[in-house]
Amino acid sequence: MHWRNTATAYGLLSIGMHWLVALAVFGLFGLGLWMVGLDYYSPWRKAGPDLHKSIGLVLLAVMLLRVVWRFISPPPP
């Protein structure tokens, strides 16, 4: 399999970025649901939202990279 998209199939990089975004979205959703149940004295009360924001910013960067990659390596028809 190729790194770049071909005329007949998506490349490894496109597939990998797709699944990375999907896992991050589901992970952020789960993390958000978990944070709702934290009590005031939990040590994760401050660390949870910081982790959520950090992963969200990385997700934004990967999504922007996906858009750029789509112009560099067009999808198959």
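The values are calculated or read from the model by the stated rules, or taken from the named source; none is laboratory data. In this text the structure is predicted, and so the values were computed from the model without any measurement. For neighbour counting, all protein chains shown are included, and Cβ atoms are generated from backbone atoms with ideal geometry for every residue, glycine included. In case anyone asks, the SASA skips ligands and DNA or RNA and just uses the protein heavy atoms, side chains included. Shrake-Rupley method; radii C 1.70, N 1.55, O 1.52, S 1.80 Å.
Taken over the range 24-42, residues that are assigned to a loop (DSSP other than H, G, I, E, B) and surrounded by 14 or more Cβ atoms within 10 Å (Cβ to Cβ) amount to 1.
For the subset of the range 48-60 comprising residues that are among the small types (Gly, Ala, Ser) and at pLDDT 95 or above, which member is nearest to Ala24 (Cα to Cα)? Step by step, filter the range 48-60, then rank; the result is Gly56.
Quick one: how many residues across the range 43-63 are over 11 Å from Val21 (Cα atoms) and in a helix (DSSP H, G or I)?
Of all residues in the range 43-63, those over 11 Å from Val21 (Cα atoms) come to 43-54, 57.
Still in the running and in a helix (DSSP H, G or I): 44-54, 57.
Of the residues in the range 43-63, 12 are over 11 Å from Val21 (Cα atoms) and in a helix (DSSP H, G or I).
Can you name the residue in the range 3-21 that is aliphatic (A, V, I, L, M) and closer than 12 Å to Arg66 by Cα and is also most open to solvent (accessible area, probe 1.4 Å) among such residues? Applying the filter and picking the extreme gives Leu20.
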